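The values are calculated or read from the model by the stated rules, or taken from the named source; none is laboratory data. Remember, predicted model here, so these are calculated numbers, not experimental data. Note: ideal-geometry Cβ built from the backbone for every residue, glycine included; neighbour counts use all protein chains shown. Each accessible area value is taken on the protein alone, full model and side chains, heavy atoms only, with ligands, DNA and RNA left out. Shrake-Rupley method; radii C 1.70, N 1.55, O 1.52, S 1.80 Å.
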Amino acid sequence: MNEKIEKAFNDQINAELHSAYLYLSMAADFDGKSLGGFAGWMRAQAQEEVIHAMKFYDFINDRGGKVKLQPIKEVPTEWKSPLEAFKAAYDHECYISGRINDLMKLARDENDNPAINFLDWFVNEQVEEEATADEKVQELKLVGDSGPGLFMMDREMGQRVFTPPADGEEGA
Ligand code: OFO
């Protein structure tokens, strides 16, 4: 496997697991504030991020590279409000999109077609990830400080179910 790609993909495993850690921390914060629906949504999001990390893990293995796990950076443990948490989630997704774009540039520079094809899925995924987080930010702005509004939104957020991708599926 191309060494530069191997190193960059290992770094991305770390970034995806860091994303999982961040969203799990948001879930824990929501749980502590009796916002079970928001917590469940974030827990599902954290599970998705682990799937993202595993996609890079499997790709490195399939290409004959070596997976090297690194320490995961500490994450905040508290957000002032659901709006602040989702703003942070949106900013984080924009950061991840930037990383995916950098990886795509590297794969193109290295002329690594399997890596380019693999990264295509993530380019599309990031469009969704950003849009979803932004949608929640906009909804929370509309809800404002309204207790009943937050209560309703918490119930709605709790509907999200994490579905693990079936073997061989692109999923997540
Ligand atoms: Fe949230 O998409 Fe991966 O990190």
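Listed values, structure above:
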quantity: Cross-link reach list, aspartates and glutamates versus residue 66, counting only Cα pairs under 18 Å and skipping chain neighbours closer than eight places; calculated: 3, 6, 11, 16, 58, 112
quantity: Span-rule helices in the chain, defined as complete DSSP H runs reaching 27 Å or more along the axis (Cα) with Kyte mean at least -1.0; calculated: 3-32, 36-62, 82-109, 113-143
quantity: Accessible area of residue 24 in the full protein assembly, 1.4 Å probe (Å², nearest 10); calculated: 90 Å²
quantity: Average accessible surface area per residue within the chain, 1.4 Å rolling probe, Å²; calculated: 55 Å²
quantity: DSSP-loop GluC sites (Glu not before Pro) across region 93-134, with at most 16 other Cβ within 10 angstrom; calculated: 110
quantity: Accessible surface of region 3-157, 1.4 Å probe, proportion on carbon and sulfur as whole %; calculated: 52 percent
quantity: Electrostatic dipole magnitude of region 28-172 [Cβ: Lys, Arg +1; Asp, Glu -1; Cα centre; debye, to 20]; calculated: 340 debye
quantity: For the chain: relative contact order, % (alpha-carbon pairs under 8 angstrom, 6 or more apart); calculated: 30 percent
quantity: Gain upon complete extension [residue 139, residue 78; 0.36 nm per residue less C-alpha separation]; calculated: 19.9 nm
quantity: Of 24, 59, 47, farthest towards positive along the dipole that unit charges on Lys, Arg, Asp, Glu beta carbons give the chain; calculated: 24
quantity: Of 7/136; 55/105; 73/141; 33/141, pairs whose Cα-Cα distance is over 24 Å; calculated: 7/136; 73/141
